[in-house]
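Following: one structure in structure tokens, then a few remarks.
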Amino acid sequence: MDISIENIRKEFERFPALHDVSLDIRSGELIALLGPSGSGKTTLLRLIAGLEFLTSGRILFGNEDASHKSVQERNVGFVFQHYALFKHMTVADNVGFGLRVRPRSQRPSRAEIRRRAEELLELVQLPGLGKRFPAQLSGGQRQRVALARALAIEPRVLLLDEPFGALDAKVRRELRRWLRELHERTGHTTVFVTHDQEEAMELADRVVVMSNGKIEQVGSADDIYDAPASPFVFSFIGASNALRVHVEAGRVYLDDRPLELPRTNLPDGPARLYLRPHDLEVSRDEAGSIPGVISAVRRTSGARLIELEIGGRRDRLEIELPAEQSHRLNGRLAVRPRKWQLYRDDECRLAS
Amino acid sequence: MAHAAGVIFRQPSVIPGFGLALGFTLIYLSAIVLIPLLALVVKSAGLGWSDFWRLATDARTLAALRLSFGAALVAAMINAVFGLLLAWVLVRYRFPGRRLIDAFIDLPFALPTAVAGIALTALYAPNGWVGQFLAPLGLKVAYTPLGVIVALTFVSLPFIVRTVEPVLAEIDRELEEASATLGATRLQTVSKVVLPSLLPALMTGFALALARAVGEYGSVIFIAGNIPYVSEIAPLLIVIRLEEFNYGAATAVAAVMLAISFSMLLLINLIQAWSRRRFGHGA
């Protein structure tokens with residue numbers, strides 16, 4: 001089911017949580033809403049589900065305007081961070097709940113509901129656990145029951161609110177891979193919310209990066225990492241450094257020294273140079289590169305991290321070099337960027 | 001999880017003071033609860049079995065016991081419904097005067113029950129504020145078993161509201177939202193999701209209300225009219241026997257009350273333990 005979100009706005013008691021957000025979700029797509037807390041990602045998900053009402057704008061399910069439909073009418077599968085299982089019901093009764101509450105004319109027989117619940121439990125790899133109660137399951141198992149329950153109603157779209165947020169790191173990684181496989185098998189249009197960039201990039205076909213109630217960028221993992229549309233996206237995804245520089249007539253200056261970078265079409269004035277630690281290489285020549293004083297050297301599992309103090313100012317630059325390269329621990333060092341992004345200073349201030 | 005292999009008296013623990021705490025608990029419970037009750041049992045045992053049986057199955061005693069337990073049961077059931085409704089309104093809605101109403105709930109706790117009894121009698125007497133409208137309908141409240149139920153409903157109300165309120169406030173909104181996304185109507189959500197989660201608290205409140213109503217004396221004796229065989233409650237019968245210096249008869253009634261009350265509370269506790277085992281901790 002295609003879902004179109006058109007210019008929606010949501011206010012909570014006059015406080016805007018989403019401003020003018022538009023997004024097209026294609027049928028069968030697995031899409032991640034990624035952002036820090038307070039960015040409006042959960043609000044957007046709840047608006048699609050119908051758990052909140054729009055202040056303005058439209059949400060279309062296919063060609064049908066769902067903006068004013070109730071949650072029940074929208075037929076969406078929703079999975080909550082803390083599972084929200086009915087603990088007084090067995091696992092099988094939880095899964096079959098959506099079918100049992102249907103109006104009599106559309107309700108499958110008891111035997112049919114039982115069969116469907118068993119089928120779904122098999123799909124989420126929990127066969128034979130139908131008679132247990134949620135309290136007798138682990139966190140990862142509970143979340144899979146919650147997913148089976150949401151799938152039981154044959155939802156038009158599957159919505160997951162930080163589905164792995166309450167689980168430990170190992171279970172998270174397992175479930176992530178498993179959810180990807182499940183999605184490929186069942187082909188449900190799926191939207192999930194996360195604040196974990198790794199999860200978003202690994203799992204989703206497209207990632208929607210949000211901040212302050214707005215969409216910053218929509219794109220594949222490659223797009224948002226390699227071509228971030230804004231300083232916010234650059235610094236939110238992956239490790240990043242920002243250097244204060246100055247642009248004059250298309251040339252970039254660091255403390256009045258020109259950097260050896262191609263000409264930019266940014267207007268004259270203060271700007272910021274965004275760099276990833278692993279996109280910097282050591283340069284023999286200080287002219288045209290970024291010189292600094294080494295302040296710390298650290299070894300991580302696969303790399304060596306060097307911290308540089310730039311030009312006696314408070315700007316620090318982190319460089320990631322291959323671990324094999326041994327390195328002296330002090331003195332001056334000049335680096336040259338292989339890849340970078342340049343943003344106007346006022347854009348950066350908005351983002352931070 | 002239940003212990004599979006017998007009862008373990010003491011689990012090794014890093015928290016000190018188990019012996020002291022258990023000892024104190026037992027001494028305190030004995031002094032305050034067990035010894036007085038034991039005295040009651042001993043005293044009634046002094047009667048001899050046939051005397052005891054004769055006094056306990058006396059028609060007037062049976063009528064009083066039936067009224068006491070029956071009226072208490074009805075009152076607790078009425079409050080289970082309306083107390084739940086009150087708790088729901090107080091927890092779920094925000095409206096002016098909510099805190100005031102919330103404070104009113106505790107009044108039956110604080111008011112001397114005799115005052116409540118007199119007030120209720122004045123209201124429900126055939127010429128009272130409420131009674132004058134009920135009288136033409138042929139409904140007599142004061143000086144009938146109905147009056148007993150009214151008084152017991154009054155005194156036992158706070159027990160249900162106060163036990164259900166915190167549990168209702170704790171119920172995760174997400175449960176109701178999950179139910180709605182699965183297509184359940186509001187009515188289905190309340191009856192299949194919310195009420196079952198409230199049931200253990202409701203049962204605790206019911207047990208407390210019932211226990212309180214069975215033992216109630218002060219408010220009832222004013223409104224009941226205390227007609228033997230009709231509107232005479234068991235606690236009053238005990239007082240009457242005491243005033244006749246018929247201690248044997250008084251303890252016989254008391255012992256029967258004790259036995260019935262204890263079995264009822266035990267039964268309710270067993271049901272709760274069963275539901276806890278089934279639905280996991282704290283459900």
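A dipole drawn for the protein assembly as shown from +1 and -1 charges on Cβ atoms has a positive end, and of B:237, B:157, A:34 the residue lying farthest that way is B:237.
Overall form of region A:29-108: oblate. Here a/c, set by the Cα gyration tensor axes a ≥ b ≥ c, is 1.5 or more, and a/b is not larger than b/c. Helix A:169-186 axis versus longest C-alpha principal axis of chain A: approximately 60°, rounded to the nearest ten. The distance from the alpha carbon centre of region A:199-242 to that of region B:60-125 is 60 Å, rounded to a whole number.
Using the empirical formula 2.2 N^0.38 Å as the baseline, the Cα radius of gyration of region B:67-234 reaches a ratio of 1.18. Beyond 28 Å, what share of the Cα-Cα pairs of chain A remains, rounded to the nearest whole percent? Distances greater than 28 Å cover 54 percent of the Cα pairs. For the residue pairs A:10/A:41; A:87/A:170; A:41/A:170; A:10/B:192; A:131/B:192; A:87/B:192, the alpha carbons lie more than 22 Å apart in A:87/A:170; A:41/A:170; A:10/B:192.
Residue A:218 sits among other residues whose Cβ lies under 14 Å from its own Cβ, and their net charge, with Lys and Arg +1 and Asp and Glu -1, is -2. Considering helices alone, the calculated mean residue ellipticity of chain A at 222 nm is -8000 deg cm²/dmol, with DSSP H runs of length four and up weighted by -39500 (n - 2.57) and normalised per residue. Structure remark: mean-square fluctuation, Gaussian network model of chain A, C-alpha springs under 10 Å; the largest value among A:204, A:135, A:49 belongs to A:135. Between A:254, A:44, A:34, find the one with the highest GNM mean-square fluctuation for chain A; connect C-alpha pairs within less than 10 Å. Of A:254, A:44, A:34, the most mobile in the Gaussian network model is A:254. Among A:156, A:115, A:172, the largest mean-square fluctuation in a Gaussian network model of chain A, built with springs joining Cα atoms closer than 10 Å, belongs to A:115.
For chain B, the extents of the C-alpha atoms along the principal axes are 64, 60, 29 Å, listed from largest to smallest.
The ellipsoid equivalent to the alpha-carbon distribution of the protein assembly as shown has semi-axes of 70, 29, 25 angstrom, derived from the gyration tensor eigenvalues as √(5λ) and listed largest first.
Quick note: the coordinates plus some simple rules give every number you see, no bench work behind them. Predicted, not measured: the structure shown is a model, and the values here were computed from it. When we count neighbours, we look across all protein chains shown, and the Cβ atoms used for this are built from the backbone with ideal geometry, even at glycine.
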